[in-house]
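Values in this text are rule-based calculations from the coordinates and carry no lab data. Here the structure is a predicted model, which is why all the values come from computation and not from measurement. Reconstructed Cβ throughout: ideal geometry from the backbone, glycine too, with neighbour counts over all protein chains shown.
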Amino acid sequence: MPRIVVVSPPFMSHARPLSVLASALRRTGAEVHLACTAPFAPLADAAGVHFEELAVSRNANTGIAEATRQDAEESARLGEFLDATRAGAVPALLTQTRHRRQDMLADPQGVLTDLRRLDERLRPDWYVVDQLSYPVTLALHCLGVPWATFCPGHPGYVLSAPDAYFGLPYDWPGVLRPTARDQERLLAAVRATDEAFTDLFAAFARRHAPAAAPPGRAFALTSAHAVVYSYPELPWLPERPAGPASVFAGHSVLPPSPPDQEWQRRLDGLRDRSRRVVLVALGTFLSARDDVLRTVTEGILDHLPDTAVVVAAGDRVDRLSDLAGDRAVVVSSVPQQSLLEHVDAMVHHGGNNSFTECLRAGVPAVVLPFSSDQFAVGRDAELAGAGVVLDPNSLTGKEVARALQSLDATCTGLAGLTRQVRARGPRWAAARLIAAMSEHAPAR
């Protein structure tokens, strides 16, 4: 069986699903190594795989972005990003594309050097690389070694069509569709970033791998052999690359553990007073939007007397502590996958993990997209009949209550999607990835 190195950026929302895939690959009999920064070693231990310390990004997020130790520049950039989300969809995406060069190609020489050393020491048969770890993909291209791509977000992150650009949603939820002028501004910005990145990739490859084929469009540099999408295979998704095998895992979730005694006690207490329980979580970065968390929570408490709420408030628990009570639990973080087995609905930000975890659990959602691929995920939730999308920046408590009340009537496609997603999963994906790489990847 092959020796595989799974390379993850130091972000919990990426490292956790990659560790699940690493565990599934190990169960096929492969020798698997997870490469990331030291704080993520416990994920390798839990997955039963080897750990290799490797830094591929200057910034990090170990679970709550604001609480993760960052240098002053990265902290300032995080603050600028959060401010941009308050201004709306296009300002947030414009800020992200402006930050992108430093975020995604901060130290390509260092990454190449470290990966070359790791490759010489371990001699893996192939790698699995996060699609958003562009320095890693560029380094592996220059080293001429085989790799498979793992797409941690919306499948639109894997570019194929010439008019598709990273940072430009393939489509928008109805309530967040920008004006034509704003869409033109965004298109111009992401196109300029695409061109700048492509020039950087080409220059780096000429210097470090002059005999290799040019890498082409930087954001479209993807495995020639296989791409694993942590997403359901929806019929309207953007065009996929023609060459590599497409493996739609549906989700990257291990069978959830039951809630521990403390969480079971909390859930029992909420059920004693309420007919329904709603989980509210905006992810590891956007939990900093405590203004939105407050609006959502107050909307539930004020307008849905039969409903209780669990709020993941990140580093903002103190600001929201006044909301805690008989019908509200406010904590920094939650065991989301476990709780989804015991709640009636979720309010989330449209992150890939939250979207697919809700699908796997059969939980309808109110989606509040702020940035990144969340607008595309929100649009898919609408089209699939799996959720309702609202604008987080114009939100009212009454609007939240109405959306939650409408979910049963709106989410007509959820049951079918849940069956589809549960039929696949990480072990299904690992078996198909092994087969695809065995068939297509060159022997080393």
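Packing here is the average count of other Cβ atoms within 10 Å per residue, and on that basis the peptides 233-243, 5-15, 282-292, highest first, run 5-15, 282-292, 233-243. Highest mean packing first, where packing is the average number of other Cβ atoms within 10 Å per residue, the peptides 381-394, 349-362 line up as 349-362, 381-394. Candidates G314, A328, S406 compared by Cα position along the dipole of segment 261-422: farthest toward the positive end lies S406, with charges placed on Cβ. Taking every DSSP helix (H) stretch of at least 4 residues in the chain, weighting each as -39,500 (n - 2.57) and dividing the sum by the residue count yields a mean residue ellipticity at 222 nm of -14500 deg cm²/dmol. Axis angle, to the nearest 10 degrees, between helix 72-87 and the longest C-alpha principal axis of the chain: 50 degrees. Note: relative contact order over segment 261-422, using C-alpha pairs below 8 Å and six or more positions apart, is 22 percent. Using only side-chain charges placed at the Cβ, +1 for Lys and Arg and -1 for Asp and Glu, the dipole size of segment 261-422 relative to its Cα centre rounds to 300 debye.
Using alpha carbons only, how many degrees (0 to 90, rounded to 10) separate the axis of helix 89-104 from the longest principal axis of the chain? Between helix and principal axis, roughly 40 degrees.
Note on segment 97-153 and segment 249-309: Cα centroid distance 37 Å, given to the nearest whole angstrom. Over the Cα atoms of segment 174-227, each weighted equally, I'd like the Debye log10 I(q)/I(0) at q = 0.14, 0.15, 0.23, 0.30 Å⁻¹, rounded to two decimals. For the requested q values the scattering log ratios are -0.54, -0.59, -0.88, -1.10. The charge dipole of the chain, taken about its Cα centre with unit charges on the Cβ of Lys, Arg, Asp and Glu (plus for the first two, minus for the last two), comes to roughly 820 debye.
Panel order for W172, W126, by other beta carbons found within 10 Å of each beta carbon, from fewest to most: W172, W126.
A simple spin-label model places the labels of R191 and S406 3.5 nm from each other, with each point 7 Å out along Cα-to-Cβ. A convex hull fitted to the Cα coordinates of the chain yields 130 cubic angstrom per residue. In the chain, taking the dipole from charged Cβ atoms about the Cα centre, the farthest positive-side position among I434, V90, C358 is held by I434.
Between the helical axis of 397-410 and the longest alpha-carbon principal axis of the chain there is an angle of about 70 degrees. Using C-alpha pairs below 8 Å separated by at least 6 residues, the relative contact order for the chain is 16 percent. Between segment 407-442 and segment 1-18, what is the C-alpha centre distance in whole Å? Here the answer is 18 Å between Cα centres.
Once the Cβ-Cβ distance of R121 and H440 is raised to the sixth power relative to R0 = 30 Å, the FRET efficiency obtained is 0.75.
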